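What follows is a short report on a single structure.
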Amino acid sequence: MQFQQLQYFVAVAETRHFTRAAELVHVAQPSLSQQIRTLERELGADLFRRARGNITLTDAGEALLPLARRILADADTARHEVQEVAQLRGGRVRMGATPSLCTGLLPDVLRAFHDRYPGVRLLIEEGGSHDLVRELARGALDLALVVLPLPTPSPALTTVELLREDLVVVSSPDATRPGRGRETVRIADLEGERLVMFRHGYDLRELTVAACRAEGFEPEFAVEGGEMDAVLGFVRAGLGVAVVPRMVAARSGHGLRVTPLARPGLHRAIALAHRSDVAPPRAARELQRMLLER
């Protein structure tokens, strides 16, 4: 009994037509018919009652059908499992993250993942949470690190919160410490300070501006429109102060003064997101596990 013969048998049983079954499995109809007859001879029983325009299963065919379907399903499962294992020796993971998370959270995890699975290519896309959610929805990413709450909640996405991170104020050591020299800074102390501000669409921009407005003032920008590295560079140059994640400040502390925000401070929730309707590939699931266990 050959695997291919079982495929042909199930196709005929489901279509009740030899020609349509041949089209379904992409084989010439005479070849399919010959393989079915060979299977019947090997089993010692007819599997179909053949009448013009009316193909039905015999009792032997009825007995074989669920077994054949199970064998084919098990073969598909075996193929899938082997491919999943093979993906950890090769394949790719398409990971999206906001620029601050690419700077603060991802490097150590990606290094550990690469050390364990050196054959897997890591494709990283930086963007704001809104852009990353859109890329996930259209299938261009396997996973994404986003800031909660999502700008546009989507029932098609599953999110798991990874951590809550404090925001801090960074300034040039050569400039006057913000907040009149105190060890902590209130959001209200930023009134009158010239801020180095991220571009539109940046989660940190929206969060900072909203916090300033909640204190009753509009923030004043010295420079705006930059990505994370540019913002930190402008702060080092003494152009103004910026509100950034603590992890980023810790990694980029050279040439920067870091001042915590006074309670209750500012925080952001970081989540790992993927599509709900499609399971991520094996390699992506392994990176997901490492992120969740970090």
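The values are calculated or read from the model by the stated rules, or taken from the named source; none is laboratory data. Predicted model, so just to flag it, every value in this text is computed and none were measured. Neighbour counts are summed over all protein chains in view; Cβ atoms, including those assigned to glycine, are modelled from backbone coordinates with ideal geometry. These accessible areas exclude ligands, DNA and RNA; they are computed on the full protein's heavy atoms, side chains included. Shrake-Rupley method; radii C 1.70, N 1.55, O 1.52, S 1.80 Å.
Here is a yes/no grid of residues against (1) touching a Phe, Trp or Tyr at 6+ places or on another chain (Cβ under 9 Å); (2) part of a strand (DSSP E or B); (3) open to solvent by less than 100 Å² (accessible area, probe 1.4 Å):
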| residue | (1), (2), (3) |
| --- | --- |
| R50 | yes, yes, no |
| I55 | yes, yes, yes |
| G61 | yes, no, yes |
| L64 | yes, no, yes |
| R70 | no, no, no |
| A73 | no, no, yes |
| D76 | no, no, yes |
| R79 | no, no, no |
| A86 | no, no, yes |
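Could you say whether any residue in the range 101-109 is within 11 Å of the chain's Cα centre (by Cα) and crowded, with 17+ Cβ neighbours inside 10 Å? Break it down stepwise before answering.
Of all residues in the range 101-109, those within 11 Å of the chain's Cα centre (by Cα) come to none.
Within the range 101-109, not a single residue is within 11 Å of the chain's Cα centre (by Cα) and crowded, with 17+ Cβ neighbours inside 10 Å.
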Taking the range 81-131 only, how many residues are touching a strand residue (DSSP E or B) at 6+ places or on another chain (Cβ under 6 Å) and over 25 Å from L157 (Cβ atoms)?
0
Could you count how many residues in the range 159-190 are farther than 20 Å from L266 by Cα, surrounded by fewer than 14 Cβ atoms within 10 Å (Cβ to Cβ) and touching a strand residue (DSSP E or B) at 6+ places or on another chain (Cβ under 6 Å)?
2
Residue list for the range 105-139, filter: at pLDDT below 90, among the small types (G, A, S) and over 17 Å from P281 (Cα atoms):
G127, G128, S129
Just checking, how many residues over the range 126-165 are assigned to a helix (DSSP H, G or I) and touching a residue at least 12 places away in the same chain (Cβ under 8 Å)?
8
Within the range 177-199, does at least one residue satisfy the condition of being more than 20 Å from E126 (Cα to Cα), without any contact (Cβ under 8 Å) to a residue 12 or more places away in the chain and among the β-branched types (V, I, T)?
no
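Looking at the range 167-188, is at least one residue within 16 Å of S100 (Cα to Cα) and polar (S, T, N, Q)? Quick ask: steps written out before the conclusion?
Going residue by residue through the range 167-188, those that are within 16 Å of S100 (Cα to Cα) are 167-170.
With polar (S, T, N, Q) added as a condition, the list becomes none.
The answer is no; no qualifying residue exists.
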Would you point out the residue of the range 114-139, among those that are surrounded by 14 or more Cβ atoms within 10 Å (Cβ to Cβ) and touching a Lys or Arg at 6+ places or on another chain (Cβ under 8 Å), that is farthest from R289 (Cα to Cα)?
A137
Of these, A279, A269, A230, A237, which one is among the small types (G, A, S) and open to solvent by less than 30 Å² (accessible area, probe 1.4 Å)?
A269
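Just a yes or no: is a residue in the range 91-104 modelled with pLDDT of 90 or more, among the basic types (K, R) and assigned to a strand (DSSP E or B)? Reasoning before the result, please.
We begin by selecting, within the range 91-104, every residue modelled with pLDDT of 90 or more; these are 93-97.
Okay, now just the ones that are also among the basic types (K, R), so 94.
Now restrict to residues that are assigned to a strand (DSSP E or B): 94.
Yes; the residues of the range 91-104 include at least one that is modelled with pLDDT of 90 or more, among the basic types (K, R) and assigned to a strand (DSSP E or B).
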